[in-house]
Amino acid sequence: MLIKAEYLSKVYGSGENKVIALHRANLEIAAGDFISIMGPSGSGKSTLLHMLSGLDFPTEGRLSYDGQDIYQLNDRKLSAFRRRRIGFIFQQFHLLPVLTARENILMPLLLDKKQEDKAYLEELAGMLGISDRLTHLPHELSGGQQQRVAIARALIAKPDIIFADEPTGNLDSKSGEEVMKMLEGIWRNMGKTLVVITHDNRIAQMAERRFVIMDGILQEGVAVR
Ligand code: ADP
Ligand code: MG
């Protein structure tokens, strides 16, 4: 798998309210990469992640997965592509409050009309330490447990790539560290490609390839202090 972003830009608003959230970003992501993207609040991190993962259209530029320009796909095909190929992890977990942990994890398969793979669900739950939490509702779980449920949901459809937008941003430092260790383990042991957005330097340092974004401008390999 090769993801290629060429001159990706995103402009919000117009006139006085115009914000250049992302300015001509170039990036290649190869299978098995572990990439961190670090930058201060408002620097364009989430915007970049949304562009890279097909969640929102760029104003300019091109994004291809294995040579296919995914923004040329129609809505239905793009949604299906995302469900099957891409896993997301959000800072705010985004679990559905009325569904149990198990139902939340299985949601991507349900949306795709796929059979649940019980053995794989059990394996993920065991690996993430949530086997005894599966019948609970999100509000009955700690933040760290909710994020681990969200990680299982991101993995259930066996995507190639996981994008995580400040996955520890809503967690205390101990559960944040656990969550990052699990993500690193998923990259190392399951061979997933991992792109983590963070403003935490310690997390950024865990990655093999490190990018910094400032005022919408993305750069690789610059020293982070
Ligand atoms: P980060 O994730 O690094 O905090 P964002 O990518 O969310 O930054 O935002 C980058 C810039 O784009 C900010 O100035 C933000 O206010 C602006 N922005 C983000 N989303 C929107 C939107 N939907 N409409 C207008 N401006 C936006
Ligand atoms: Mg953000």
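Computed from the coordinates by the stated procedures, all read-outs in this text should not be read as laboratory data. Because the structure is a prediction, the values reported are computed rather than measured. Cβ sites come from the backbone with ideal geometry, for glycine too, and all protein chains shown count toward neighbours.
Listed values, structure above:
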{"read-out": "Nearest-0.05 FRET efficiency for residue 16 and residue 181, computed from C-beta distance (R0 45 Å)", "value": "0.50"}
{"read-out": "HN-Hα J in Hz across segment 207-217 - Karplus 6.51, -1.76, 1.60, θ = phi - 60°, x for Gly and Pro", "value": "7, 7, 10, 10, 10, 10, 10, 9, 6, x, 10"}
{"read-out": "Label-point gap, in nm, between residue 1 and residue 77 - each point 7 angstrom along Cα→Cβ", "value": "1.9"}
{"read-out": "Residue 96 paired with residue 112, simple spin-label distance in nm, labels 7 Å along Cα-to-beta-carbon", "value": "1.7"}
{"read-out": "Residue-averaged 222 nm ellipticity for the chain, from DSSP H runs of 4+ at -39500 (n - 2.57), nearest 500", "value": "-10500 deg cm²/dmol"}
{"read-out": "Relative packing of peptides 107-116, 62-71 - highest average C-beta neighbours within 10 Å first", "value": "62-71, 107-116"}
{"read-out": "For the chain, size of Cβ-based charge dipole, Lys and Arg +1, Asp and Glu -1, in debye", "value": "280"}
{"read-out": "Exposure proxy ranking, count of Cβ atoms within 10 Å, fewest first, for 215, 33", "value": "215, 33"}
